[in-house]
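A short write-up of the structure that comes next.
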Amino acid sequence: MLDLNQVRLAVVGLGYVGLPLAVEFGKVRPVIGFDIDGKRIEGLTRGHDVTLEVSDEELASASQLRFSADHRELTEANVYIVTVPTPIDEHKRPDLRPLLSASETIGKVLKEGDVVIYESTVYPGATEEDCVPVLEKMSGLTFNRDFFVGYSPERINPGDKAHRLASIVKVTSGSTAEAADLVDGLYKQIITAGTHKAASIKVAEAAKVIENTQRDLNIALVNELAVIFNRMGIDTEAVLTAAGTKWNFLPFRPGLVGGHCIGVDPYYLTHKAQAIGYHPEIILAGRRINDNMGAYVVSQLVKSMLKKRIQVEGARILILGLTFKENCPDTRNTRVVDIVRELRDYNVRVDIYDPWVDPGEAQEEYGITPVPEPAGNQYDGIILAVAHNQFRALTAPTIRAWGKDAFVLYDLKHVLPAELVDLRL
């Protein structure tokens, strides 16, 4: 087994998870930052991260980090950290293709004594049951004799400048006791908050997947409460504020649940549960509630428009925000698109304004071209969908000036005072 002084590190996948990791390690040891996206490598080599997770100054501080899209350079490494996406497909099933492709790439350069550490979110068992066979096949080596694996789930929160990689406790694990010690020791070099060595890789995998499943269910609960209170004519935010005066009340708020974690991870756990013959009722019920919130928002908007005698077909609606959360450019699995699709079923024209979004990426991913700036007195409905700081800085009169004489203002994020909007979630 390698010792820490022998480690030659490569980080495979330089997205929201991999780049901050590579940068932190690049401050203390030589690191190869690898990604198959040549455009991504070019941008990072020039010293800029388009995801804005790492500032130009932070990137420059990683003096021992170099970037490459050439897989042959991975031969120089003996420890590989895999940080590629693990999305779901159109049928909400785990899509392991990026993970297995990365395993193939590493398997081609894997040598005796090497260690592969996975950070991507998976269901319990995926590392050893899905990834390891690929490593063995591509390398011709034998697991836990010639090479070893570890699992240390990522806990990156895109756009969060308070909870950064080094200040979040890191769960670690390994396929043998010695491998677990190596993985744990390696992360301790950069994680100031400390580490937690899990009993096994499966325990670490399960811990990660339930973190976001728990959040998903809590948000589903308040989403369902919002629907109930709306029917009763009760302001949900007022209820949650009152309930929040109790010391152990959890401060969750209703809303759209998207992104690459909370809206995805539960499906990894339910997939595995169903594969072993168990139907997870509560988890899937929560997913159904959250996945249906876009349709609920549109139904409420349409009802309010009709009450104001605003013709729905042919109406023009402005949506403020496209990203899956505030103050970040990440549009992966954003549920704002659910609102867009529902509105288009009514033959409504939809404009989206989001200063955080790259227009080219929005067009390529969703067929949406954001407007550069909303026009005044143009909209039959306005939905404030994402609480970017830029939107919080706007006054209600500024936003209302974009609407026609008769229009509906729907504030999903409680940015504006209740008396100045028509609807709140």
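Available extension along the chain between Ala275 and Gln363 is 28.0 nm, counting 0.36 nm per residue and deducting the alpha carbon span. Once the 1.4 Å probe is applied to the protein heavy atoms, the chain comes out at 45 Å² accessible per residue.
Angle of helix 201-232 to the longest C-alpha principal axis of the chain, folded into 0 to 90 degrees and rounded to 10: 0°. Exposed loop sites, defined as GluC sites (Glu not before Pro) outside DSSP H, G, I, E and B with at most 12 other Cβ atoms within 10 Å, are absent from the longest region of the chain, namely 113-312. Once the Cβ-Cβ distance of Asp181 and Asp146 is raised to the sixth power relative to R0 = 30 Å, the FRET efficiency obtained is 0.95. For the chain, relative contact order (Cα pairs under 8 Å, six or more residues apart, normalised by length) works out to 11 percent.
Set the Förster distance to 45 Å, then compute FRET efficiency between Arg288 and Ser167 from the Cβ-Cβ distance, nearest 0.05. The computed FRET efficiency comes out at 0.80. How much of the accessible area of the chain, in percent, comes from carbon and sulfur atoms when a 1.4 Å probe is used? Its accessible area is 52 percent carbon and sulfur atoms. The alpha carbon gyration tensor of region 44-131 gives principal lengths a ≥ b ≥ c with a/c of 1.5 or higher and a/b no greater than b/c, which makes the shape oblate. Need one number: % antiparallel among DSSP beta bridges in the chain, to the nearest 5. Of those bridges, close to 5 percent are antiparallel.
The spacing between region 255-313 and region 176-216, judged by their C-alpha centroids, is 30 Å. Note on Thr192 and Arg344: the extension gain reaches 49.9 nm, defined as 0.36 nm multiplied by sequence separation minus the Cα-Cα distance. Computed over region 1-116, relative contact order equals 31 percent, with contacts defined as Cα pairs under 8 Å that lie 6+ residues apart.
When peptides 404-414, 388-398, 59-69 are sorted by average Cβ neighbour count within 10 Å, with the highest value leading, the order is 404-414, 59-69, 388-398.
The values are calculated or read from the model by the stated rules, or taken from the named source; none is laboratory data. From a predicted model like this one, the values you see are computed outputs, not experimental measurements. Glycine also receives a Cβ, built like all others from the backbone with ideal geometry; neighbour counts cover every protein chain displayed. Side chains included, ligands, DNA and RNA excluded: accessible areas come from the protein's heavy atoms. Shrake-Rupley method; radii C 1.70, N 1.55, O 1.52, S 1.80 Å.
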